[in-house]
Structure formats: C-alpha cells, structure tokens
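Notes follow once the structure below has been shown.
The values are calculated or read from the model by the stated rules, or taken from the named source; none is laboratory data. From a predicted model like this one, the values you see are computed outputs, not experimental measurements. A quick note on method: Cβ atoms are made from the backbone with ideal geometry, for glycine too, and the neighbour counts reach across all protein chains shown.
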Amino acid sequence: MSRSPSVAVRAAAYPTRAGAPPGEGVATQAPATPADERRDAPSSLSCVIPCRNEAANLALLLPRLRAVLGHLSPEWEIVLVDDGSVDDTAMQLADWTAESGVRVLQLSRNFGKEAALSAGLAAAHGRVVVLMDADLQHPPELIVQMVEHWRRGAEVVYAVRESRRDETRLKRFGTGWFYALVNAGSRVQVPKDAGDFRLLDRVAVDALLDLPERNRFMKGLYAWIGFDTVALPYQPPPRASGRSHYNYLTLLRLSIDGLTAFTIWPLRAASVVGIVIALLGFGYGAWITFAYLIWGDAVSGWTTIVCGMALMLGFMLIALGVLGEYVGRIYEEVKARPLFVVRREFGRGLQKPADH
Ligand code: UDP
Ligand code: MG
C-alpha cells in the first residue's frame, strides 16, 4: 500500500488487534477492507466540531466545510458540540441547523474539549468521522487528503504539525518534556506533534467509544486503540478569531491528567528513590557507628541530621503527592459519572447508524 511520502505510521508501532498481549488488544473486529484494497468514497461522513464561544469562527468555517464535504461523500453531517458557550454560538448554531446536514448537540455546561469530543463521537453516525476544531486552525481542505488515505486503506489519519515555530519557547519546552515523560518506557507511543484533527474509520470510533474510562486524555486513547494509521503533515494557521482556551495552568492540569492516565512509572520512581535514600541512610549510619567506635566522637553531626530530615520529609511529601494524584483519579473513575450531560439536540444529519 502506498503511503504518505513523509510519515507513515503502521499499526505495528502500537498494540494491534492481532497478536496483542492479553488485556492490550482492542476488542473490535478487524476492518472489513483489507489494507491494500482501494475503497470507494465513504458512504457517509460525519465531521465533529467541539465549540466553546466560537460564533465568529463558525460563520467562516461552516461555509468552507460544507463546500468540502459535499464533494467527499453522498451523505455527510456536521455535528457541532456546544460546550457551554456563553457568546452567540448557541444562536448561530440554531440558525445553521436550518440547513440539512448540520446537527447540534448542546451540553448542559462547559465539560471541556475532551468530553465534548466524546459527546460528538457518540452522536456521529458516519462510516468515517473527522474531528476538528472550530477556529480554522484545522483547514477543512485537508480532509480531502485524509479521505484519500482512508480510501487507500488507512483506518486512522491524523494531521501532524510540521513545526512548532509559532509557539513560545516555554510551550515547546513543556511539550517536549510532557511527551518524553508520557512515552517513557511505554509500549504505546503518543505522537508528539499530533492533535485532535484526524479522520477515524467507524471501527476506530467504536473502539474509542468502548473505552470506559472517565479521564479522557484523547491523544493517548487514539494511540492506545492502534489500527492502521497514517500521519499527514500540515502547518496550522493562527486562530481566525478569539483566543486559545488553554493557558499554561490549564495545560499543566491536562498534562497531569495525561500522565496519570497513561503512566505508572512515577509511582515506581518514588519507590526507587525511597530505596536509594534508605540505602544511603543505612550506609551513613554504619559509617557513624564505625567512626564512634574508632574515634569516640558522638556529638557532631547536627547539620547532617537536620538536612537529612528535611530531605526525607520533602521526598515523602512528594511521593505522597504523586500517590494522591493516582488515588484521586481512581476516585473519579469509581464515581463513574457520565462524561457529559446533553441539554438538547437539534438539526437533521445523516440517517440512523444502521445505514452504514
Ligand atoms: N473547546 C471546547 N471546550 C473547551 C475548550 C475548547 O469545546 O472547554 C474547543 C474550542 O471551541 C475549539 C477547540 O476546542 O474548537 C480547540 O480549542 P482552542 O483553539 O482554544 O485550543 P488550541 O488550538 O489553543 O489548542
Ligand atoms: Mg485553536
């Protein structure tokens, strides 16, 4: 199968359906289309867009998107998820649903982008589903290339940033560290420069919807499900209107969510550091005993005791904090609240899922 000339990520890089170790495979049927067989145009296509205060952007995006989708599939729908907007977004969306093919899912409050994406995925009926942002940073025209890769057999096609030159040094530094930490020693590698702009075949959508966890670190979940995957390089333009919803603090919170969802090595690291400190303490104790027996010096060492205690206490609190992050996540999972609440759904999209 011919692949994108630049980056072609085969499913072998991820835990795959066939031959995956117990507990790591995806309980989804293999796709009906063998990877090397060329498919026709998708029988139906859904485009899911999470929106929070995007009124100005939607007015620009939707006409462009409709023009693209009309050429790609005989049946298409745009699923707009209103994630607790407080501007004119809701009104704009209601106007847009007068046009067939546009559906709106209004959430009862702001649940966050990851939950809004899950809501959109659950509502989408298409044989293939495209996820994209509302702010025109994800050019609709790229969907044509995504569908072309799907027709060649890919089950997931994701857009990957060619460069991060447009970001601040601090953000690039933080991103580099985050992906290094999240991928450290893990069999599932989360691609560094990929975002949510991607095409998913129905098998991949169903696999994502089958994952029961509340902590939806979507970039990790996309990687975890595997499937035959192609990366498509692109350079995102700046946001058309408004500002990003993410500042450094929210990014840090999301990073901790991602780390706790996909790693357990911080817990192990705490144990290893604990063992090293205990060994050092034991060695130092042995040395003091030896020195006392030889030279009889019993009183000195006050500074060492205070420094040692501060070090141990600091380490123990850090280890407790790390443990607390994981325990807190278990608490969230055990409560098993729904990921989102839908206030109302309106507009006409595709027919029922039975059609594809
Ligand atoms: N978004 C959302 N809920 C939120 C935050 C963001 O639905 O709580 C949507 C937002 O409307 C946009 C997409 O997620 O369509 C990406 O948001 P943004 O452009 O702020 O993120 P960035 O591009 O800076 O990562
Ligand atoms: Mg954006």
Open item on the list: For region 79-108, give me the residue count where each residue is within 10 Å of ligand 1 (Cβ to nearest atom) and within 19 Å of residue 126 (Cβ to Cβ).
Closed with: 2
- [ ] Return yes when residue 223 is in contact with a helix residue (DSSP H, G or I) (Cβ under 8 Å, 6 or more places away or on another chain), of a type outside the set (S, T, N, Q), assigned to a helix (DSSP H, G or I) and away from ligand 2 (no atom under 16 Å from the Cβ) and no when it is not.
- [x] no
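Matching residues to (1) touching a helix residue (DSSP H, G or I) at 6+ places or on another chain (Cβ under 9 Å); (2) away from ligand 2 (no atom under 16 Å from the Cβ); (3) at pLDDT below 80:
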{"site": "11", "(1), (2), (3)": "no, yes, yes"}
{"site": "15", "(1), (2), (3)": "yes, yes, yes"}
{"site": "41", "(1), (2), (3)": "yes, yes, no"}
{"site": "72", "(1), (2), (3)": "yes, yes, no"}
{"site": "79", "(1), (2), (3)": "yes, yes, no"}
{"site": "82", "(1), (2), (3)": "yes, yes, no"}
{"site": "93", "(1), (2), (3)": "yes, yes, no"}
{"site": "102", "(1), (2), (3)": "yes, yes, no"}
Open item on the list: Being at pLDDT 85 or above and within 18 Å of residue 147 (Cβ to Cβ) narrows it down to one residue among 46, 4; which is it?
Closed with: 46
Task: Filter result (away from ligand 1 (no atom under 16 Å from the Cβ), within 30 Å of residue 125 (Cα to Cα) and not charged (D, E, K, R)) within region 149-204 - done: 149, 150, 153, 154, 156, 157, 188, 189, 199, 200, 203, 204
Task: Filter pass, residue 315 being more than 16 Å from ligand 1 (Cβ to nearest atom) and without any contact (Cβ under 8 Å) to a residue 24 or more places away in the chain - done: no
Task: region 312-352: number of residues that are within 25 Å of the chain's Cα centre (by Cα) and at positive phi - done: 1
- [ ] Within region 205-248, track down each residue that is of a type outside the set (Ser, Thr, Tyr), under 24 Å from residue 337 (Cβ atoms) and free of Cβ contacts under 8 Å to residues at least 12 places away in the same chain.
- [x] 212
Open item on the list: I'd like the full set of residues that are closer than 14 Å to residue 78 by Cβ, touching an Asp or Glu at 6+ places or on another chain (Cβ under 9 Å) and surrounded by 23 or more Cβ atoms within 10 Å (Cβ to Cβ), limited to region 117-137.
Closed with: 124, 126, 128, 129, 131, 132, 134
Task: Complete set of residues in region 138-148 that are over 15 Å from residue 76 (Cβ atoms) and either touching an Asp or Glu at 6+ places or on another chain (Cβ under 8 Å) or within 16 Å of ligand 1 (Cβ to nearest atom) (or both) - done: 138, 139, 142
Open item on the list: Can you tell me how many residues within region 132-164 are more than 16 Å from ligand 2 (Cβ to nearest atom) and charged (D, E, K, R)?
Closed with: 6
Task: Count of residues meeting criterion [surrounded by 22 or more Cβ atoms within 10 Å (Cβ to Cβ), in contact with a Gly (Cβ under 8 Å, 6 or more places away or on another chain) and of a type outside the set (Lys, Arg)] in region 177-206 - done: 1
Task: For residue 212: the one exception among (1) more than 13 Å from ligand 2 (Cβ to nearest atom); (2) surrounded by 14 or more Cβ atoms within 10 Å (Cβ to Cβ); (3) not polar (S, T, N, Q); (4) not in a strand (DSSP E or B) - done: (2)
- [ ] Taking only region 45-75 into account, find how many residues are closer than 14 Å to residue 137 by Cβ and assigned to a strand (DSSP E or B).
- [x] 3
Open item on the list: Quick test of your reading of the structure: residue 56 fulfils all but one of (1) within 16 Å of ligand 2 (Cβ to nearest atom); (2) under 27 Å from residue 147 (Cα atoms); (3) not charged (D, E, K, R). Name the failing condition by number.
Closed with: (2)
Task: Scan of region 229-276 for residues that are in a helix (DSSP H, G or I), within 16 Å of ligand 2 (Cβ to nearest atom) and touching a helix residue (DSSP H, G or I) at 6+ places or on another chain (Cβ under 9 Å), ordered by number - done: 248, 251, 254
Task: All strands (runs of 3 or more DSSP E) inside region 76-179 with 3 or more residues being under 20 Å from the mean Cα position of the chain (by Cα) - done: 128-131, 156-161
- [ ] Quick one: count up the residues across region 217-243 that are within 16 Å of ligand 1 (Cβ to nearest atom) and either modelled with pLDDT under 90 or more than 29 Å from residue 322 (Cα to Cα) (or both).
- [x] 10
Task: Total residues in region 289-335, condition loosely packed, with under 10 Cβ neighbours inside 10 Å and part of a loop (DSSP other than H, G, I, E, B) - done: 4
